[in-house]
1. Accessible area per residue, 1.4 Å probe, Å², for the chain: what's the number?
2. How many nm is it between the label spots at Arg77 and Lys27, if each spot is 7 Å from the Cα in line with the beta carbon?
3. If you roll a 1.4 angstrom probe over the protein chains with everything in place, what fraction of the accessible area of the chain belongs to carbon and sulfur, to the nearest %?
4. Counting other Cβ atoms within 10 Å, keep those with at most 13, restrict to DSSP loop, and tell me which trypsin sites (Lys or Arg not before Pro) in region 167-226 are left.
5. Just want the answer: with Cβ charges of +1 for Lys and Arg and -1 for Asp and Glu, which residue in Val364, Ala377, Ala392 is farthest toward the dipole's positive end in region 364-403?
6. Using a simple spin-label model with points 7 Å from Cα along the Cα→Cβ vector, what separation in nm is obtained for Ser286 and Glu166?
7. Test of understanding: what is the full-extension gain from Arg264 to Asp142, defined as 0.36 nm times their sequence separation minus their Cα-Cα distance?
8. Okay, helix-only estimate at 222 nm for the chain: each DSSP H run of n ≥ 4 adds -39500 (n - 2.57), divide by all residues, round to 500 deg cm²/dmol; what do you get?
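The values are calculated or read from the model by the stated rules, or taken from the named source; none is laboratory data. Every value quoted in this text rests on a predicted model; they were computed, and no experiment measured them. Positions of Cβ are generated from backbone atoms using ideal geometry, with glycine treated the same way; all protein chains shown enter the neighbour counts. All accessible areas refer to the heavy atoms of the entire protein, side chains included, with ligands and DNA or RNA removed. Shrake-Rupley method; radii C 1.70, N 1.55, O 1.52, S 1.80 Å.
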Amino acid sequence: MTRRILLGVSGGIAAYKACELTRLLVKAGCSVQVAMSDAATRFVAPLTFQALSGRAVALDLWQPQAADGMDHIALARAADAFVVAPASADLLAKAAQGRGDDLLSNLLLARDALPTLLAPAMNRAMWANPAVQRNVALLRGDGVRLAGPASGEQACGETGEGRLLEPEQLLAEIDALLTPQSLRGRRVLLTAGPTHEPWDEVRFLGNRSSGKMGWALARAAWERGAEVVLVAGPSALAPPHGVRTLEVQTAQQMRDAVFAELQRARVDLFIAAAAVADWRPAAAVSGKLKKQPGAAPPALELALNPDILAEVAALADAPFCVGFAAEAGDLHAQAQAKRMRKGVPLLVGNLGAQAFGRDDNAVVLVDAHGVRELPRASKLELARRIVDEAAARLGALNPTPER
Ligand code: CTP
């Protein structure tokens, strides 16, 4: 189903990022209606948004073409979500106080029950101003979702909190805005990516895992409102938005990070998506192993790594555990056998060669009742289905606690 996004753009230099956001939304199959404040048109020409969205930009409360003079009501009714990015200090003030002196503020007034996301962007001192913070608190109280701002370098040359989130992050926020919050109040811990087991200072044993599936699972859990911690092996991927990411290299470090997290706070759901190296070089060599002329190649003795998933699943107060199985053949039988060996209620099986590094995958879901196939889809789509399965089982076992 096409999602209809009403994208408000208010005045600020970050308005240029809203152009990229429009492009990403259109690419994701959304229909986008842009509405700009007068100040926003000083930063980006409406024609840019018109070209990117394929629709005329709504600019003026007094547009004569609105047959009944009720254009703003119709625009707000014709959307599934209302996103304002960037949201300036002035826009936040108008929204918090219910003022309506231009098209954008009138749209906010007329939005009714439309899910609404405001992404503030302004100078760090403006953002820290108590008046702005008061308005933000009021808006949160009204059920508006706020995204960002991020911290970093600002267009004005200062550094601090006030940057608009990046377009990809805004896209994730919009997905979350439109997703039922089935994991709100839950803590989710994941492992993902490969591990690197050092042999000497420049060599390691590793595997072909890219981390894409685990990253997608972390995002899917975050979209559903969970507090998410990702213990991530070495990967080229940027840390997922909204997720606390702990970077590790080896299986032992991954295990230690997982157990430290389990001790820090109660975890409701543990998803082990990492391709953990089963073995490591028994003794890591300091420096670099050098070739000796005429000498035989060095022997590589291996030691067994801890099995993180099996260890977590065996805890007396274990969280609900979801395992993965990367197999080379006979997927159904191997995955069911592995689920029982690891002692987990739910396991996701895939053929390693058809999964590693790709953006899509085909998996089987294995539980005590049998095996169910999820046909080939993007890893994000599969991750959403897997997390929904886990959330439903978790909810049935143990209703969301009050925190
Ligand atoms: N796993 C883990 N720690 C390990 C090995 C695996 O936590 N040392 C987890 C993986 O994250 C995955 C599941 O166990 O959720 C199965 O991983 P897989 O590599 O398919 O299985 P192995 O246990 O390594 O068994 P085998 O290689 O013999 O198939």
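1. Values: 19250 Å² over 403 residues.
On a per-residue basis, 48 Å².
2. 3.5
3. Values: 10260 of 19250 Å².
Ligands and nucleic acids excluded, carbon and sulfur give 53 percent.
4. Values: sites: Arg184, Arg186, Arg187, Arg203, Arg208, Lys212, Arg219, Arg224; in loops: Arg184, Arg186, Arg203, Arg208, Arg224.
Those that pass, being in a loop and sparsely packed, are Arg184, Arg208.
5. Comparing the listed Cα positions along the dipole, Ala377 ranks first.
6. 3.8
7. Numbers: separation 122, 0.36 × 122 = 43.92 nm, distance 3.25 nm.
Gain in length upon complete extension: 40.7 nm.
8. Numbers: 13 runs with 135 residues, N = 403.
Theoretical 222 nm ellipticity from helices: -10000 deg cm²/dmol.
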